[in-house]
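Engineer: The structure that follows is given in the form of C-alpha cells.
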Amino acid sequence: MKYLFLLLFSFGSLVAQELILTGTVISNNKKMIPARYMGYVKKINFEVGDSVEREDTLFELESAEFDILESQANLALEQANLMLDMYKTRVNVFKKRKHRLKRKKSMMPAMDFRENMEDLNENIDDISGSIEAAKVLVTEASEKTKQFATIAGYLKIKAPNDGVIVERRIQVGDMVAPGMLTMIIVDMKHLEIEAEVAESDLKYLRRNKVVKITIPSLDYKASGFIKAIVPSANPMAHTFKIRVSFEKTSDMIFPGMYAKIYIDLTDELANKI
C-alpha cells in the first residue's frame, strides 16, 4: 500500500512538471543588402519600417565612370554594325557586276571576260573576308554591351525577398563601394523563437517536440515545435541554443519581442521511472 501511494504520488507530481525557457522572437530570413558597384547614391525609394516586395528597387546608384564606358561600348557596337553593312553593300555591288558580266559574255573577247571575272571574284573574296571580320567585331561589341547591361542592373539594387527594412545606412549623395552594407531587410512571415537551455536540461529536449509559447506583451499564446537544437555550447554559461518554430497569426509580432517557451516534461520523466 505504501509503495502504491508513492507511485501514485510520483505520477501525480509529473502532471505539472514543465520546463520554462525565456527567448526572443527572431526572423529566419534576415538579409544584409550590399552594394555591388562603386558609385554615388542617386535615389532611395524606401525608408526604415517600409514593407518591400521581391524585386522592388531599393535604391539607385549613379557612376560617371560607368556612363562613359557604357557610351563607348554602345558606340563601338554601332560602328561595327555600320562597317558590316558597308561591306555587305559592297559585296552585293560586285555580285551584281559579276551577274551583268556573265550576261555580256558572248559580246566580249574571251580574254577580257576572263580578266574581268577574275578581278570581280578577287574583290568579292576580299570583301567576304572583311565581312567575316566585321561579324567578329559585332559579336565582341555585343558581348561588351551585354556586360554593361548587367552592370547597369547592379546600379539598381533590388530586394531579394519580401520583408521590412529595419536598418538603412546610406543617404542620397553617399558614395558606396562593392560589398558595403547599405540596408537590412527582415522577413516578417517566417519568425521563430530562439532560447538558451542549460546543458543539464538537454536530456528533456528533442527535435520536433511540441511545445507551448507565449508572448506576454501581446498576451499571445500558440503551440509550436522544437525545430533545431544548435550543437554549439556557450562555454561560459554551459547553455545550448534551440529554435522553436510556431505559426504566426498576428501582425503585431516582431523580431526582438520577449517570449516564453513551455516544455512539458511528463513523458520524459515518466520514461525515467
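Engineer: Roughly speaking, what is the centre-to-centre gap between the range 100-129 and the range 70-99 when only Cα atoms are used, to the nearest Å?
Structural biologist: Cα centres, the range 100-129 to the range 70-99: 23 Å.
Engineer: Ok, one more. Looking at this model, which pairs from Lys30/Lys241; Lys209/Lys248; Lys43/Lys146; Lys146/Lys189 are more than 30 angstrom apart at the alpha-carbon? Display every interim value, and only then the final one.
Structural biologist: Numbers: Lys30/Lys241 18 Å; Lys209/Lys248 18 Å; Lys43/Lys146 24 Å; Lys146/Lys189 36 Å.
Listed pairs above 30 Å: Lys146/Lys189.
Engineer: May I pose another question? As an exercise, use a Förster radius of 35 Å and the Cβ-Cβ distance of Met180 and Ser200 to find the FRET efficiency, rounded to the nearest 0.05.
Structural biologist: In this case the efficiency is close to 0.20.
Engineer: Given points 7 Å out from each Cα along the Cα-Cβ axis, report the Tyr262 to Tyr154 separation in nanometres with one decimal.
Structural biologist: Roughly 5.4 nm, to one decimal.
Engineer: Lys105 label point, 7 Å along Cα→Cβ, cut-off 19 Å on backbone N: hits in the range 111-138?
Structural biologist: Output list for this probe position: 111-125.
Engineer: May I ask you to compute the full-extension gain from Thr214 to Arg97, defined as 0.36 nm times their residue separation minus their alpha-carbon distance, rounded to one decimal in nm?
Structural biologist: Values: separation 117, 0.36 × 117 = 42.12 nm, distance 9.07 nm.
Result: 33.1 nm gained on full extension.
Engineer: Still on this structure: At a Förster radius of 45 Å, what calculated FRET efficiency corresponds to the Cβ-Cβ distance of Met32 and Asp125, to the nearest 0.05?
Structural biologist: 0.15
Engineer: Cross-link list Lys42/Lys158; Lys96/Lys135; Lys31/Lys221; Lys31/Lys158; Lys98/Lys135: which exceed 20 angstrom alpha carbon to alpha carbon?
Structural biologist: Lys96/Lys135; Lys31/Lys221; Lys98/Lys135
Engineer: Could you give the dipole magnitude of the range 14-164 about its Cα centre, charging the beta-carbon of Lys and Arg +1 and that of Asp and Glu -1, in debye to the nearest 20?
Structural biologist: 1200 debye
Engineer: Once fully extended, how much extra length lies between Met117 and Ala237, figured as 0.36 nm per residue of separation less the alpha-carbon to alpha-carbon distance? Please report the intermediate quantities before stating the final value.
Structural biologist: Values: separation 120, 0.36 × 120 = 43.20 nm, distance 9.54 nm.
Stretched fully, the Met117-Ala237 segment lengthens by 33.7 nm.
Engineer: Here is a follow-up. For the chain, what is the mean residue ellipticity at 222 nm derived from helices alone (per DSSP H run of n ≥ 4: -39500 (n - 2.57); sum divided by total residues; nearest 500 deg cm²/dmol)?
Structural biologist: Calculated at 222 nm, the ellipticity per residue is -13500 deg cm²/dmol.
Engineer: Apply 1/(1 + (r/R0)^6) to the Cβ-Cβ distance of Arg207 and Ser142, taking R0 = 51 Å, and write down the FRET efficiency to the nearest 0.05.
Structural biologist: With R0 = 51 Å, the Cβ-Cβ based efficiency is 0.45.
Engineer: Mean Kyte-Doolittle hydropathy of 0.5 or higher plus an axial Cα length of 15 Å or more: which whole DSSP H helices in the chain meet both? Don't skip to the end; give the middle numbers.
Structural biologist: On the way: long enough: 2-14 (19 Å, 1.55); 64-103 (59 Å, -0.66); 110-154 (66 Å, -0.39).
In the chain, the long hydrophobic H runs are 2-14.
Engineer: From the residues Leu155, Ile185, Leu205, which one has its Cα farthest along the dipole of the range 56-210 in the positive direction, the dipole being from +1 and -1 charges on Cβ of Lys/Arg and Asp/Glu about the Cα centre?
Structural biologist: It is Leu155, whose Cα lies furthest towards the positive end.
No value in this document is a laboratory result; all are computed from the given coordinates. Computed from a predicted structure; not experimentally measured. Note that each Cβ is placed from the backbone with ideal geometry, even for glycine, and that neighbours are counted across all protein chains shown.
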